[in-house]
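The structure appears right after this line, and notes come after that.
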Amino acid sequence: MNINQLPFSQACENNKAPILDAIRPLFLNSTHLLEIGTGTAQHAVHFAQHLPHLIWQTSDQQAYLEGIEMRLAQVQLMNLRKPLALDVTQTWPLSKQANIDAMFTANTLHIMSKEMVEAFFNGVGEHLQPQGQLCIYGPFNYEGNYTSESNARFDIWLAEQNPQSAIRDIEWIVQLAKGQGLKLMADHTMPANNRLLHFIKV
């Protein structure tokens, strides 16, 4: 992969500013953050640049690591860490001394299968420190209903790509979180019919 082949998401460019506005006050007192599903790393670079007090640890499945490393090499930020190979269904590559007091993920839960979403919350429950912050960005359904026609079309597209992918019901997400000692503190409205869920590990 050369510099002209860096992974790029227009959606990340569009939403990185409003997401930063939402998470900045939530991570104000956090020190070590794990991002699950760093993807193109556009979010990681933008957020690390604007949250210099926060160690931002990137992670993703093995296939995405080369692109993440290339983008990180462009900026050389002291608080931005090289990606960990993380499969949510396997043992997470974190030690008990990692002191992860914040986690962030964007546009991942609707890509994952139900089993992967459950594994995601199991991992969060195991590795997030007490009083740690978890922020999840993406589309969600409420009482089994889509919040927009565009989300309904998006869900059809997801199923065509992978039958195990789907926009998840917020009620199920909150239930899984509660099972891991996570309390929903806020459900923020975001652009393009997305939400930002803020949980605290109690």
Margin query: Let me cross-check W172: its accessible surface, 1.4 Å probe, with only protein heavy atoms counted, in Å² to the nearest 10?
Written below: 50
Notebook entry, point to check: So how far apart, in nm, are the two label points at K82 and S9 if each is 7 Å from Cα heading toward Cβ?
Noted result: 2.3
Next item on the list: Can you sort V202, V124 by 1.4 Å-probe accessible area, starting with the largest?
Entry: V202, V124
Next item on the list: Report, as a whole number in µm² per second, the diffusion coefficient that Stokes-Einstein gives for region 130-182 at 4 °C and 1.567 mPa s using the Kirkwood radius over alpha carbon pairs.
Entry: 104
Note to self: Which one, A44, L197, G144, is farthest towards the positive end of the dipole of the chain when Lys and Arg carry +1 and Asp and Glu -1 on their Cβ?
What the structure shows: A44
Check: Roughly how many whole Å is it from the C-alpha centroid of region 23-51 to that of region 65-144?
Finding: 11
Notebook entry, point to check: Going by a ≥ b ≥ c, the root eigenvalues of the Cα gyration tensor, does region 19-141 fall in the rounded group (a/c under 1.5), the prolate group (a/b larger than b/c) or the oblate group?
Noted result: rounded
Next item on the list: As a check on your grasp of the helix formula, calculate [θ] at 222 nm for the chain: sum -39500 (n - 2.57) over DSSP H runs of n ≥ 4, divide by the residue count, round to the nearest 500.
Entry: -11000 deg cm²/dmol
Check: Using heavy-atom solvent-accessible surface (probe 1.4 Å) with all chains present, what is the largest-first order of M70, M112, M78?
Finding: M78, M70, M112
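The values are calculated or read from the model by the stated rules, or taken from the named source; none is laboratory data. As the structure is a prediction and not an experimental result, all values here were calculated from the model. Cβ sites come from the backbone with ideal geometry, for glycine too, and all protein chains shown count toward neighbours. To get the accessible areas, we keep the full protein, side chains included, count just its heavy atoms, and leave off ligands, DNA and RNA. Shrake-Rupley method; radii C 1.70, N 1.55, O 1.52, S 1.80 Å.
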